[in-house]
1. Give me the percent of DSSP beta bridges within the stretch B:55-253 that run antiparallel, rounded to the nearest 5.
2. Which one of A:Thr67, A:Thr136, A:Thr13 has the biggest mean-square fluctuation once chain A is modelled by GNM with Cα springs under 10 Å?
3. Before we go on, tell me the buried accessible area for the A/B pair, both chains summed, 1.4 Å probe, in Å² to the nearest 100.
4. Work out Dmax and Rg for chain A from the C-alpha atoms and quote the Rg first, both in angstrom.
5. Residues of the stretch A:87-102 that become at least 50 Å² less accessible with every protein chain present than in their own chain isolated, using 1.4 Å: which are they?
6. With no solvent and one equal point scatterer placed on each C-alpha of the stretch A:103-196, evaluate the Debye formula and give log10 I(q)/I(0) for q = 0.21 Å⁻¹, two decimals.
7. If you put +1 on each Lys and Arg Cβ and -1 on each Asp and Glu Cβ, how big is the dipole of chain B around its Cα centre, in Debye rounded to 20?
8. Can you grab the distance from the C-alpha centre of the stretch B:123-155 to the C-alpha centre of the stretch A:1-64, Å, no decimals?
Amino acid sequence: MITLKNIEKVYQTKTIETVALHNVNLHIPKGEFVSIMGPSGCGKSTLLNIMGLLDEPTNGLVEIDGTPIGRYRDKELSQLRNQKIGFVFQSYHLINDLSVLDNVELPLLYRSGVSAAETRRLALTALEKVGLSARTKHYPSQLSGGQRQRVAIARALIGQPEIILADEPTGNLDSVMGEEIMNILLQLNSVDGTTIVMVTHDENMAHKTERLIRFFDGQQVSDAKTATHEFQKV
Amino acid sequence: MIRHLFKLIWNRKKSNFLLITEIFFCFLVLFAVLSLVVHNVRNYSKPLGFEHENVWLLTMRPASDSTELNRQNLEQVLQRTKAFQEVESVALTTSNAPFAFSQMNNNLAYGQKEIMANEYLVQDDFKEVMQVQVSQGRWFGRQDDASHHQPIVINRALQQQLFEGEDPLGKLIPRNDSLNYQVVGIVEHYRPSSEYTAEEPGFFVRIDLPKNENAFYGELLIRVKRGTGVAFEEKMVKELSGITKDWTLEVSTLEKMRQNKSKLAIVPLIALAVVCSFLIFNVALGLFGVLWYNISRRNGEIGLRRAMGASSGQIYRQFIGEVLVLATFSLLLGVAFAVQFPLLQVFEVESAVYFIALGMAVSIIYLLVMGCAFYPSRQAAAIHPAIALHEE
Ligand SMILES: Nc1ncnc2c1ncn2[C@@H]1O[C@H](COP(=O)(O)OP(=O)(O)OP(=O)(O)O)[C@@H](O)[C@H]1O
Ligand SMILES: [Mg+2]
């Protein structure tokens, strides 16, 4: 699904040069649920941005479904993001002046050939999946953090992306709500077969996924199948 | 996408309220000033109905109250002026000569209709002096001496308002209990007040000196030969003073009077336009500032939209689109207000003037907001998605 080869990311500011990622090689196969852990500032978000085509590596190659994306223009990259990738952020990133339904519909506004009626239907289906059918007319400010994150997940999955990139999706939530979100993601992965890459600081969450990659100072330090997963599979 | 923009603006109507009112008032001021400008320009482009070049106005103010003596002098002045080689023709009139600061009007009634019209008292030769063109019927003259009625020539505006579809030639309009005006001719245009004044209904009444033994008229229009200058003016005034003794005589060219009148119309217009430009500049600056601020405030939203698949071009178009939608809200209000002027006929101005001004004001507002939105929107489109999301 996504392959990273020799990825290097250097942030260059006037005074300092920060190496955010160094020599990262990764392959995320289709259908996998991967979690990424590491201390703050080790480059996890940077990695996710590069996988999500929001940022370009300083060096190295990103391949999506075997196609290197290096030569794509902004318009083509945007279309790829729109069709293949769903994003979930720690801070939800909902538009406060739009209702839940309108927020969820957003990705399809940037996809041509989807009618308004079809968009609405898909948005309702997505909201049903995250258990928020009763809150479609609400505005983000009227929802709890967990509910907001569920709206964000509905928005990420309305376009039926092959992969969801989640950057600390439970980072702002208490353990109960975090659990809810985690269950939705697990469900998406096991039932719909959506590939998921999730950054987390929570060992428990990480151990519910198939594979755990640890980062330190911009480099992978470990990459292994999780015990829980092995246990579940047996 | 357009629906999305309307929804977004509508849901943000509270924070956009100030901008909407600002654009609304800007539109109204523009509409008012443009209406005035269009009105003036349209008038200016219409014919005056006379030729004022090489025409002088001699103003005579007698010093004594003796009607008989004054009348004697007047007739001598007429004789003498006509006799100058430099003079082509002369005609007496009243203080409402072309481009003079004076008006005279009268009520005219025909059938059920009654209107107020400008009245111009002129001698037969006025037609030659001012080179007025009669389009229907004829000018008055000697042949009217025997008539029981007082012949008048009316302008088209009067014909349209008083007679509407009817042929006015030969029609009688009561002047008083014993005398009727009779329409003998029509001129298409006559706008003596200024080049910027709209056509008003008006009519010419014949000055018949022999019939009115005691009448006195203090304004003499003189058409001089082309190229006649100040030297002749001095000579003429000197000679005429010899006849009139202590009368006050003043000569002015109609061209000079026209310029004075034009200035009077143009100067306030320019002042208004300057004030209006300042206002618009201020609004533009404010708009630019608000848009600029909005975009930096909406970094997170921009990053999010980019992540959801918006290309940089789509972000650009969204921000331009939002401003256009905003302007549309204001303009809907503004136009609803502005169309009341032609609909209710608040002032006596042609509806076309308002509609032209309306169209211009709408276009200018759209151009203005697009101009203000151009740079901020480009900045928004250039924001790097990863950085925009990071900053939130
Ligand atoms: N736009 C930027 N300009 C300069 N340096 C940056 C930029 N974005 C990130 N960095 C630096 O790159 C490194 C990696 O940042 P990144 O956000 O990927 O860390 P992270 O692992 O996601 O941390 P956290 O767990 O706190 O979210 C950090 O040292 C950070 O300061
Ligand atoms: Mg991070």
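The values are calculated or read from the model by the stated rules, or taken from the named source; none is laboratory data. Fair warning: this is a prediction, and the values are worked out from it, not measured in the lab. A quick note on method: Cβ atoms are made from the backbone with ideal geometry, for glycine too, and the neighbour counts reach across all protein chains shown. Areas reflect the complete protein model, heavy atoms only, side chains present, ligands, DNA and RNA absent. Shrake-Rupley method; radii C 1.70, N 1.55, O 1.52, S 1.80 Å.
1. Numbers: 33 of 44 bridges.
Given both bridge residues lie in the stretch B:55-253, the antiparallel proportion sits at roughly 75 percent.
2. A:Thr13
3. So the total buried area for this chain pair works out to about 2200 Å².
4. 17.6, 54
5. Those residues are A:His93, A:Ile95, A:Asp97, A:Leu98.
6. Debye output, listed in q order: -1.09.
7. Dipole size: approximately 2040 debye.
8. Cα centres, the stretch B:123-155 to the stretch A:1-64: 97 Å.
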